[in-house]
Amino acid sequence: MPLSLEQKFEKMKSIRDRLLSFRKSPLYRYRVENKYFPVVGEGSHNAHIMFIGEAPGKTEAETAKPFCGRSGKVLDEMLDSIKLARKDVYVTNIVKDRPPENRDPTPEEIKLYSPFLDEQIDIIQPKVIATLGRFSMVYILELLKYKNPINSISEMRGKELVCEASFGQVIVVPLYHPAVALYNGSNKGTLLDDFKILKKYV
Ligand code: URA
């Protein structure tokens with residue numbers, strides 16, 4: 001059943017409130033000690049395209065906004081390249097609190113935080129989920145019970161994978177994490193090419 005914008009807003013607010021007091025997470029103390037925020041997500045609750053990254057970095061945890069640091073600048077550039085406004089998509093992460101030293105999220109953290117992401121997917125009901133990086137690709141394809149083998153991200157990237165969610169069909173487009181474009185021009189070219197796929201779903 002599609003939700004009204006008001007219902008979506010209320011549900012997102014409930015997620016934010018639960019995250020604010022998510023004391024059972026091993027990242028909660030680190031958040032409070034550093035005066036960081038949980039990063040819930042940002043964008044249109046009616047977005048056709050949902051971008052899912054890994055976990056917030058320092059700038060994100062300081063501002064409560066996903067992808068607003070150096071990787072975020074790359075994401076903005078990619079969105080600009082296909083004339084897609086950030087306010088028209090929804091951007092979030094699997095893990096909602098910053099892991100220390102920007103380390104990879106642990107399996108335990110993914111398990112703890114992913115139910116919030118699952119709820120967000122059901123709220124937004126996107127046509128397309130664009131995963132940013134390996135963690136989010138594996139998590140989403142396993143969640144949606146993708147029927148073929150999940151290979152490395154360099155083999156899977158730029159493909160349109162048809163999956164079924166509780167609310168209907170979703171196309172999963174695995175993309176490199178924007179951070180890979182920071183130091184490697186050829187990865188940036190690949191990311192720019194792969195973003196073109198998203199244009200038709202706007
Ligand atoms: N990297 C991510 O995966 N997510 C962010 O929000 C920022 C950097």
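The table below gives the values:
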{"quantity": "Positive-end residue, the chain charge dipole about Cα centroid, Cβ charges, pick of M1, T190, V95", "calculated": "V95"}
{"quantity": "Gap separating the Cα centres of the range 134-202 and the range 1-57, nearest whole Å", "calculated": "22 Å"}
{"quantity": "Of F135, A179, Y201, farthest towards positive along the dipole that unit charges on Lys, Arg, Asp, Glu beta carbons give the range 107-202", "calculated": "Y201"}
{"quantity": "Restraint check, K11/K111; K13/K83; K24/K111; K127/K159; K11/K58; K127/K188, Cα-Cα greater than 23 Å", "calculated": "K13/K83; K11/K58; K127/K188"}
{"quantity": "Kirkwood Rh and Cα Rg combined as Rg over Rh, evaluated for the range 47-142", "calculated": "0.94"}
{"quantity": "Within the chain, helix-based [θ] at 222 nm, where runs of 4 or more DSSP H residues each add -39,500 (n - 2.57), nearest 500", "calculated": "-12500 deg cm²/dmol"}
{"quantity": "Kirkwood Rh, Cα atoms: Rg over Rh of the chain", "calculated": "0.94"}
{"quantity": "The chain - charge dipole about Cα centre, Lys and Arg +1 at Cβ, Asp and Glu -1, debye rounded to 20", "calculated": "200 debye"}
{"quantity": "Bridge type composition, the range 5-201 - antiparallel percent by DSSP, nearest 5", "calculated": "35 percent"}
{"quantity": "Those trypsin sites (Lys or Arg not before Pro) in the range 24-60 that DSSP places in a loop and that have at most 11 other beta carbons within 10 Å", "calculated": "K24, K35"}
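Bear in mind that the values in this text are calculations on the coordinates, not laboratory data. The structure displayed is predicted, hence computed values, not measured ones. Methodologically, a virtual Cβ is constructed for each residue, glycine included, from the backbone with ideal geometry; neighbour enumeration extends over all protein chains shown.
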